[in-house]
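The values are calculated or read from the model by the stated rules, or taken from the named source; none is laboratory data. This one's a predicted model, so the numbers in the text were calculated from it and none came from an experiment. Glycine also receives a Cβ, built like all others from the backbone with ideal geometry; neighbour counts cover every protein chain displayed.
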């Protein structure tokens with residue numbers, strides 16, 4: 001099954017409305033002492049990835065992730081979850097000693113210009129949603145939030161579009177900086193997301209330099225960039241000072257490492273040696289169905305884990 005980011009966002013938001021009763025009892029009964037050795041790298045799985053083992057309850061899923069050695073979670077759809085569910089997730093993660101990764105901070109315009117156009121109404125919507133995301137980040141103990149500037153404006157020169165995006169991101173940074181929060185700009189590939197403004201790491205690097213804020217950095221999604229430009233390790237090195245977050249997915253297929261052409265073992269070891277100890281988000285599907293497929297994901301991550 002082809003992995004779709006838009007379907008993934010929707011699934012993340014809807015994956016199992018939580019059932020606090022049975023799940024909480026199971027969580028209490030199991031405790032955390034049964035956990036396997038944690039991964040050396042800080043891999044972040046997402047809700048739904050292990051639902052065949054853990055069921056639909058978010059507490060049970062977090063417990064399973066922890067028991068298998070994961071110490072982080074990312075959830076693109078966190079902002080769409082009810083406040084009580086956000087609080088339950090945050091409390092469970094705190095108890096388990098797990099870290100929150102990215103969530104999507106705003107409405108992404110996949111098919112029409114938004115920040116690129118300089119439209120005042122779109123800019124206001126974006127900044128209002130960034131303010132809302134500050135409150136979500138506080139609630140779930142998140143530091144990073146994903147930002148995608150949206151579709152190109154076919155009636156405007158790229159230079160003007162870039163200036164509009166930089167202006168919007170400077171204004172957003174002013175909102176985020178007092179809270180120590182970071183929006184991470186994610187370049188996306190042209191094959192899965194045709195027509196989007198931001199698609200290469202060098203472009204994101206130039207924008208971050210122009211914004212010049214600790215609250216505006218790069219989300220380096222290795223799947224997207226293998227499609228767009230390859231040359232992964234040199235591009236990581238060139239953009240290093242502006243990268244705040246990594247995401248994972250092998251190519252082709254956008255499934256777990258070892259299923260495609262990317263040498264994840266080498267890449268993970270390279271960024272670890274350079275000093276990156278942050279989250280590596282598992283933003284991909286499973287190559288096989290059922291419990292067998294979920295176990296294959298875990299085994300794949302054990303095989304590419306860093307040597308600390």
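Numerical summary
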item	result
Qualifying residue in the stretch 222-232 (condition: part of a loop (DSSP other than H, G, I, E, B), in contact with a helix residue (DSSP H, G or I) (Cβ under 8 Å, 6 or more places away or on another chain), closer than 26 Å to residue 166 by Cβ and in contact (Cβ under 8 Å) with a residue 24 or more places away in the chain)	yes
Residue within the stretch 165-184 that is surrounded by fewer than 18 Cβ atoms within 10 Å (Cβ to Cβ), assigned to a loop (DSSP other than H, G, I, E, B) and in contact (Cβ under 8 Å) with a residue 12 or more places away in the chain present	yes
Hey, residue 307 exposed (fewer than 15 other Cβ atoms within 10 Å of the Cβ) and under 28 Å from residue 142 (Cα atoms) or not	yes
Residues within the stretch 135-162 that are in contact with a strand residue (DSSP E or B) (Cβ under 9 Å, 6 or more places away or on another chain) and assigned to a helix (DSSP H, G or I), tallied	4
Breaking point among (1) surrounded by fewer than 21 Cβ atoms within 10 Å (Cβ to Cβ); (2) within 19 Å of the chain's Cα centre (by Cα), for residue 234	(2)
Selected residue (only one of 198, 219 is touching a helix residue (DSSP H, G or I) at 6+ places or on another chain (Cβ under 7 Å) and at pLDDT 95 or above)	198
Test: residue in the stretch 284-296 that is in contact with a strand residue (DSSP E or B) (Cβ under 6 Å, 6 or more places away or on another chain), crowded, with 16+ Cβ neighbours inside 10 Å and touching a residue at least 60 places away in the same chain (Cβ under 8 Å)	yes
Of residues in the stretch 268-290 being assigned to a loop (DSSP other than H, G, I, E, B) and in contact with a helix residue (DSSP H, G or I) (Cβ under 6 Å, 6 or more places away or on another chain), the one farthest from residue 220 (Cα to Cα)	288
Of all residues making up the stretch 58-75, the number that are part of a loop (DSSP other than H, G, I, E, B) and surrounded by 24 or more Cβ atoms within 10 Å (Cβ to Cβ)	3
Residue match in the stretch 254-262 (condition: assigned to a loop (DSSP other than H, G, I, E, B), in contact (Cβ under 8 Å) with a residue 12 or more places away in the chain and out of contact with any strand residue (DSSP E or B) (no Cβ under 9 Å at 6 or more places or on another chain))	yes
Residue check, residue 248 crowded, with 19+ Cβ neighbours inside 10 Å and closer than 21 Å to residue 146 by Cα	yes
